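Read the structure below first, then the notes.
Every read-out reported here was derived from the displayed coordinates using simple, explicitly stated rules and does not represent laboratory data. Bear in mind that the values here come from a model prediction, so they are computed numbers and not experimental data. Positions of Cβ are generated from backbone atoms using ideal geometry, with glycine treated the same way; all protein chains shown enter the neighbour counts.
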Amino acid sequence: MDCTAGVALLGCGTVGAHVAQRLLHDRDAIERRSGIRYQVRGVAVRDLLKPRPEGLDALSFTRDARALIDDPAIDVVIECIGGTTDAMELVERALERGRAVITANKDLLATHGPRLRALAAVRGASLRYEAAACGAIPVIRLLDDALAGDEISALAGVVNGTCTAILSAMESGADYDEALAGAQARGYAEADPSSDVDGDDAAHKLALLMQLAFGLAVISPRIRRSGIAQIAKREIARARMLGYRIRLVAAAVRQRDGARAEVAPVLVRAEHPFAQGAGPENVVRVVARDAGALVLSGNGAGGAPTASAILGDLVTTLRTLRGRHDSPQRTQALNAALEIAPFFAELARHPELPRFPVWDDTLLNAPVSLASQAYS
Ligand SMILES: NC(=O)c1ccc[n+]([C@@H]2O[C@H](COP(=O)([O-])OP(=O)(O)OC[C@H]3O[C@@H](n4cnc5c(N)ncnc54)[C@H](OP(=O)(O)O)[C@@H]3O)[C@@H](O)[C@H]2O)c1
């Protein structure tokens, strides 16, 4: 590699535009922290005529993402396109060519993560994705680096801000359609909110976190999920009177023969950390054998928090390029997930709201000794 790292940015939408601004305007700080200079060699977009935020004129835009990736001067590819079609092809292409890849794309990792990690390992390329789950909250690093010497037995959290925004608006008296329209007006929900409100987005994040926490090749279609669209305002009001909030909770516990995992609306005590957010805040509780329980919370979405996580990955990647070594944990092969059983079926129910399981942190403390299992 030349002493200047070549960077390609794919996508310049909500997230990519923030990344582009940071790459241009925070250059001194990023280079100082990483110990290496970089050049942004191009930004791939779909529509060259679309107006972009001010201050990006110094960047060279192109519609040809493939040629940008193939530029031999490219060392790092930052993928901010989204989806699993074009993004998959381009990320595979970059890894095939040994480029370090940074992505914010949870759909891609939850669907093709095991394959991409294996490809990265074969090519000796790094693949980082801190932004793909829970925005600015460094949960990927927690699982992949800080707890790499521990044994993670369970994790759970509130990882979809759209659902939290809708449910908390319904607590204030809105009905579902009003709450959804309000979340869309504030930018918390997409025009087509189905991935969020049906629990798919949370299942994608849970699959990705399970891959890291448990070392299992879990893909999100195997995780049972139910969403929030069928919850009535009166159920939310009743829950409040009983001292609960209803929150979309994603939870997983590792077991000897696989894991239990599920995404569903559950009753959470009003004072519990899972009940505190009213919008894009995410909360994740991780239980490890030696570290015990750790709780992280913060901004789970939005252009700036997501860009923050991507830029953190960039600094780490640039340091790696400088030192020419890679973190083996990030590219290790995953073990097959033998069985992914539902999580919430055995939870207690409140007699006045029997439709919803009642959350209890001790459910994550089920002792699982993994020392002797075949895939540890
Ligand atoms: N938004 C958030 O808060 C958030 C939070 C965490 C993670 N993420 C993830 O970040 C990723 C990007 O999300 P976003 O909200 O920034 O999406 P977005 O606003 O829709 O931006 C997508 C960008 O990709 C470009 N693009 C699409 N297809 C392309 C192709 N084939 N070649 C080159 N460029 C292409 C688009 O170009 P044009 O601009 O020309 O159309 C656009 O600039 C997704 O994986 C998402 O899940 C987003």
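Share of antiparallel DSSP beta bridges in the chain, in percent to the nearest 5?
Within the chain, antiparallel bridges account for around 55 percent of the total.
Spin-label pair Arg93-Arg115: with each label point 7 Å from Cα along the Cα-Cβ axis, the two points sit 1.6 nm from one another.
The calculated FRET efficiency for Ala304 paired with Ala58, based on their beta-carbon distance and R0 = 22 Å, is about 0.65. Here the calculated FRET efficiency for Arg289 and Thr4, from their Cβ-Cβ distance with R0 = 51 Å, stands at 0.70, rounded to the nearest 0.05. Once a ≥ b ≥ c are taken as the square roots of the eigenvalues of the Cα gyration tensor of the chain, is the result rounded (a/c under 1.5), prolate (a/b larger than b/c) or oblate (a/b not larger than b/c)? Here the chain falls in the oblate category.
Test of understanding: in a Gaussian network model of the chain with alpha carbons linked when under 10 Å, which of Gly302, Gly199, Gly323 would top the mean-square fluctuation ranking? Evaluated over the chain, the most mobile residue of the options is Gly323.
Under 5 Å from the amide H of Gln39 lie the amide H atoms of Ala5, Gly6, Val7, each residue being 5 or more positions distant or on a separate chain, with H modelled from the backbone and absent for Pro and chain starts.
Listed from fewest to most Cβ neighbours within 10 Å, the set Ser172, Ser226 follows the order Ser172, Ser226.
Add +1 for every Lys or Arg and -1 for every Asp or Glu among the other residues with Cβ under 11 Å from the Cβ of Asp107, and state the total. Within the 11 Å Cβ shell, the charges total 0. In sequence order, the stretch 81-87 has phi-based couplings of 8, x, x, 10, 9, 4, 4 Hz under the Karplus curve 6.51 cos²θ - 1.76 cosθ + 1.60, θ = phi - 60°, and Gly or Pro positions carry x. Residue separation of Arg222 and Asp150 scaled by 0.36 nm, minus their Cα-Cα distance, works out to 23.3 nm of gained length.
Across the chain, the mean sequence separation of Cα contacts (distance under 8 Å, 6 or more residues apart), normalised by length, yields a relative contact order of 20 percent. Modelled this way, with points 7 Å down the Cα-to-C-beta line, the labels at Arg32 and Leu296 are 2.6 nm from one another. Can you spot the lysines whose alpha carbon is less than 18 Å from Lys205's alpha carbon? Ignore those fewer than 8 places along the same chain. Lys205 reaches Lys106.
The angle between the Cα long axis of helix 303-323 and the main principal axis of the chain comes to about 50°, on a 0 to 90 degree scale. Using the Cβ of Ala293 as centre and a radius below 14 Å, the other residues enclosed give a net charge of -3, where K and R count +1 and D and E count -1.
GNM on the chain, alpha-carbon springs under 10 angstrom: the most fluctuating residue among Gly292, Gly303, Gly98 is Gly292. Rounded to the nearest 20, the size of the Cβ-charge dipole of the chain about its Cα centre is 460 debye, with Lys and Arg at +1 and Asp and Glu at -1. Peptides 27-36, 228-237, 312-321 ranked from most to least packed give 312-321, 228-237, 27-36, packing being the mean of other C-beta atoms within 10 angstrom over each peptide's residues. 3J(HN,Hα) along the stretch 259-274, derived from phi through the Karplus expression 6.51 cos²θ - 1.76 cosθ + 1.60 where θ = phi - 60°, amounts to 7, 10, 8, 6, 10, 6, x, 10, 7, 10, 4, 4, 8, 6, x, 5 Hz, with x in place of Gly and Pro. The angle separating the long axis of helix 176-185 from the principal Cα axis of greatest extent in the chain is about 20 degrees. Here the extension length gained between Leu338 and Thr84 equals 89.0 nm, from 0.36 nm per residue of separation less the Cα-Cα distance.
Residue order for His272, His350, fewest other beta carbons within 10 angstrom first, comes to His350, His272. Helix content alone sets the calculated 222 nm mean residue ellipticity of the chain: runs of n ≥ 4 DSSP H residues at -39500 (n - 2.57) each, divided across all residues, give -10500 deg cm²/dmol.
Each Lys or Arg adds one and each Asp or Glu takes one away; over the other residues whose Cβ falls under 11 Å from the Cβ of Gly199, this sums to -2. Computed from Cα atoms, the angle from the helix 14-25 axis to the main principal axis of the chain rounds to 40 degrees.
Computing FRET efficiency as 1/(1 + (r/R0)^6) for Gln184 and Ala348, where r is the C-beta to C-beta distance and R0 is 30 Å, gives about 0.30.
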